[in-house]
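Let me begin by presenting the structure, written as structure tokens, before commenting on it.
The values are calculated or read from the model by the stated rules, or taken from the named source; none is laboratory data. This structure is a prediction, so every number in the text was calculated from the model and none was measured. Counting neighbours? That spans all protein chains shown, and the Cβs are built from the backbone with ideal geometry, glycine included.
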């Protein structure tokens, strides 16, 4: 009886619990408890339950973890990260792979951890591949950043535009609200788009083939949405990109 009471669910008004089925999992059935961290403040009210988790200090850098300072980067890196002193911990950990290799990467980190600047590192790596005698060959590549929502696409367009402006790189938004002409796309080196829009562009058998073949870097933001309604679209984008790599023997 005590165990039954322990797992009685509290129903709050206007709360729609998508995790209701969790009560049927082995952890609940087996009597396991979910514990909160130490030093938390918990308050139960009639309308809601409030849990305050105190801020914790970051762990010290490990022996093999060294911060990457912007002053130690090449000229392209210093221009793009102007105003910053150094990369944070997660950015420093992945720096070598993101900035100096062509390896595919999957970054899992909390909101605000600095994933956008990791994406910037991969963008700068691609730009550096197309520099000849100090000049960026802007017509040799396209970088695609796929954001889950139009609002985020606009925000990312603004961010990358400011960071890449010193390099002369053009960043444009390509969504249902922001249409671009063919000539505008050709003059653009980085496109920030949504899954649905890029799906439409890459589905076309003619007209945009040249654009697809110029894509050298594909960044998928919020890829954990693979489990939601947009999952099939994201899967199609990845599968289509892999097929393009195999058929053209090019690298994305």
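Do the conditions hold for residue 188, that is, is it at pLDDT 80 or above, in a loop (DSSP other than H, G, I, E, B) and surrounded by 15 or more Cβ atoms within 10 Å (Cβ to Cβ)? The answer is yes for residue 188. If I filter segment 146-158 for residues that are surrounded by 18 or more Cβ atoms within 10 Å (Cβ to Cβ), in a loop (DSSP other than H, G, I, E, B) and either out of contact with any helix residue (DSSP H, G or I) (no Cβ under 9 Å at 6 or more places or on another chain) or in contact (Cβ under 8 Å) with a residue 40 or more places away in the chain (or both), do I get at least one hit? Yes: segment 146-158 contains one or more residues that are surrounded by 18 or more Cβ atoms within 10 Å (Cβ to Cβ), in a loop (DSSP other than H, G, I, E, B) and either out of contact with any helix residue (DSSP H, G or I) (no Cβ under 9 Å at 6 or more places or on another chain) or in contact (Cβ under 8 Å) with a residue 40 or more places away in the chain (or both). Determine, yes or no, whether residue 104 is more than 14 Å from residue 58 (Cβ to Cβ), out of contact with any helix residue (DSSP H, G or I) (no Cβ under 6 Å at 6 or more places or on another chain) and touching a residue at least 12 places away in the same chain (Cβ under 8 Å). For residue 104, the condition - more than 14 Å from residue 58 (Cβ to Cβ), out of contact with any helix residue (DSSP H, G or I) (no Cβ under 6 Å at 6 or more places or on another chain) and touching a residue at least 12 places away in the same chain (Cβ under 8 Å) - is not met. Filtering segment 138-145 for residues that are in a loop (DSSP other than H, G, I, E, B) and more than 23 Å from residue 110 (Cβ to Cβ) leaves a non-empty set. The residues of segment 160-183 that are in a loop (DSSP other than H, G, I, E, B) and over 18 Å from the mean Cα position of the chain (by Cα), listed by number, are 168, 169, 170, 176, 177, 178, 179, 180, 181.
Scanning segment 129-138 for residues that are over 18 Å from residue 99 (Cα atoms) and in contact (Cβ under 8 Å) with a residue 12 or more places away in the chain gives a single hit, 138.
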